[in-house]
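The values are calculated or read from the model by the stated rules, or taken from the named source; none is laboratory data. This one's a predicted model, so the numbers in the text were calculated from it and none came from an experiment. Cβ atoms come from the backbone with ideal geometry, glycine included; neighbour counts cover every protein chain shown.
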Amino acid sequence: MTGLQSRNADGSAYGRPPQHIDEELARVGPGTPCGELFRRYWHPIAEADKVTTRPQNVRILGEDLVLFRDKKGRAGLLYPRCMHRGTSLFYGKVEEEGIRCCYHGWLFGVDGQCLDQPCEPDHGRHRDVARQPWYPVEERYGLVFAYMGPPAKKPILPRYDILENLDPDERLECARTGGQTGDQSMPIAPYNWMHLNDNVMDPYHVWVLHSTFTGPQFAKEFAIPVQSVDFFAWEQGVCYSAVRELSDGRILDRVSSYIFPCIMSVPATRNLEDARSTRISWIVPIDDTHFTTFTAGKVKPRAPLFQNVDFAGKTWAEMTIEEHQDTPGDFEAQFGQGPISLHSEEHLATSDRGIVMMRRMLRQQIKVVAEGGDPLGVAFNADQATVKVPSGNFYRSRTAAE
């Protein structure tokens, strides 16, 4: 028996011992084990077309920063407190070469270099040695990515094969979705990044939460229980293969991928065509109790990147509390775990094997980073920086399978 069972054999809640979060994985701030692991990767921080000459506050991995685009079109990500007297560059004015502090006019380039100190003799005789703390950024797939780790360990910004080589009738779109609400009403989810990350390797909840408990939220095929699920490690993370036998004689093999450290490629959930996945989603921790999600994907003409889930004629944001109780989805299931789940209370079972594999992989790579090594999936050679994503909905006949 566990300690809790031996204390109260009848299962009473009285006298329960204090429970705790998984400190090693849940915390993402500077100096934390998982925070240092995450700082060895590039993370999206904004949609590129929304980064303008108006400075905006950005919070990521527990750090507050200011993001802007100078008048030459270059994006910059700086520590917000001006190195001169500490006022926020959020109130700065963007110019051709960078951002100028409102207080005494110090001008900083997108790389933090101080370019002008107008109140000082000769506009700052030693301004060349003054540098505002900054982070490098790059743009790809319509997103702005930041690298917040050791400069000497900066990897190449990766590419993903399913987002490359667009067909003539395809376009690439991106969006920020935040909480898993079925619409885009919540850009920031008010709970820990692990809640969604664990969800990536959980094919069983699709049958229960999205199909038989609330009712069909996605494709009708998900109401069929999976006949078999295989969780397996691959060179970039963990995958599952969930197999269903359909009434028309076909077998659907649905492959979903967790890409290290907090990325997912989930194949289509509504129109289950025989095809590879066409999108990548980044789960970006804002701090220990908030995260956001950025998605980039290929779309066809007149096909939106996201289609709102219809809850009896309402979007998620339009629903009442009672309606959320009656028709819960991903947000309710994840938000219901609290700001950070009490991981010591979990009772992981056979269906959670993929989650166990993910968490074990995270702990292994935290150890690699702590010992000075390079974690899983980072590349320093352009020839090795393209990720081949295995996700997709794949069909075969039952006779061929036999």
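Could you please find all residues in the range 187-208 being surrounded by fewer than 17 Cβ atoms within 10 Å (Cβ to Cβ) and among the aliphatic types (A, V, I, L, M)?
If the condition is that a residue be surrounded by fewer than 17 Cβ atoms within 10 Å (Cβ to Cβ) and among the aliphatic types (A, V, I, L, M), then Ile188, Val208 are the ones that fit.
Contact list please: Cβ distance under 8 Å, first residue in the range 133-144 and charged (D, E, K, R), second residue not in a strand (DSSP E or B), pairs at least six apart or on different chains.
Sorted first by the residue in the range 133-144, then by its partner, the pairs are Glu138/Leu157; Glu139/Ala48; Arg140/Leu157.
I'd like to know if the range 128-139 contains one or more residues that are under 22 Å from Phe294 (Cα atoms) and either in contact with a helix residue (DSSP H, G or I) (Cβ under 6 Å, 6 or more places away or on another chain) or outside any strand (DSSP E or B) (or both).
Yes - at least one qualifying residue is present in the range 128-139.
Could you tell me which numbered condition Asp167 fails, if it satisfies all but one of (1) assigned to a helix (DSSP H, G or I); (2) more than 24 Å from Gly35 (Cβ to Cβ)?
Among (1) assigned to a helix (DSSP H, G or I); (2) more than 24 Å from Gly35 (Cβ to Cβ), the lone unmet condition for Asp167 is (1).
Hey, can you tell me all the residues within the range 311-351 that are aliphatic (A, V, I, L, M) and either assigned to a strand (DSSP E or B) or under 14 Å from Gln180 (Cβ atoms) (or both)?
As a first pass, look at the range 311-351 and keep what is aliphatic (A, V, I, L, M): 312, 317, 319, 321, 333, 340, 342, 348-349.
Passing the criteria: Ala317, Ala333.
Mind telling me which of the residues Val368, Val356 ends up being within 29 Å of Gly35 (Cα to Cα), surrounded by fewer than 19 Cβ atoms within 10 Å (Cβ to Cβ) and in contact with a strand residue (DSSP E or B) (Cβ under 9 Å, 6 or more places away or on another chain)? Quick ask: steps written out before the conclusion?
On the way: Val368 fails: in contact with a strand residue (DSSP E or B) (Cβ under 9 Å, 6 or more places away or on another chain).
None of the other options fit; the residue is Val356.
Can you report the number of residues in the range 287-301 which are farther than 20 Å from Gly392 by Cβ, assigned to a strand (DSSP E or B) and among the hydroxyl-bearing types (Ser, Thr, Tyr)? So that I can check it myself, show each step before the final result.
The first filter runs over the range 287-301 and keeps only residues farther than 20 Å from Gly392 by Cβ, leaving 287-294, 301.
If we keep only those that are assigned to a strand (DSSP E or B) too, we end up with 287, 290-294.
Narrowing further to those that are among the hydroxyl-bearing types (Ser, Thr, Tyr): 292-293.
Of the residues in the range 287-301, 2 are farther than 20 Å from Gly392 by Cβ, assigned to a strand (DSSP E or B) and among the hydroxyl-bearing types (Ser, Thr, Tyr).
For the range 184-191, state whether one or more residues are among the hydrophobic types (A, V, I, L, M, F, W, C) and at pLDDT below 90. So that I can check it myself, show each step before the final result.
Just the residues of the range 184-191 that are among the hydrophobic types (A, V, I, L, M, F, W, C), to begin with: 186, 188-189.
Okay, now just the ones that are also at pLDDT below 90, so 186.
Yes, the range 184-191 contains at least one residue that is among the hydrophobic types (A, V, I, L, M, F, W, C) and at pLDDT below 90.
Could you say which residue among Val243, Val229, Val284 is buried (at least 20 other Cβ atoms within 10 Å of the Cβ), β-branched (Val, Ile, Thr), in contact (Cβ under 8 Å) with a residue 12 or more places away in the chain and assigned to a strand (DSSP E or B)? First the steps, then the outcome.
Details: Val243 fails: buried (at least 20 other Cβ atoms within 10 Å of the Cβ); Val229 fails: buried (at least 20 other Cβ atoms within 10 Å of the Cβ).
Residue meeting the stated conditions: Val284.
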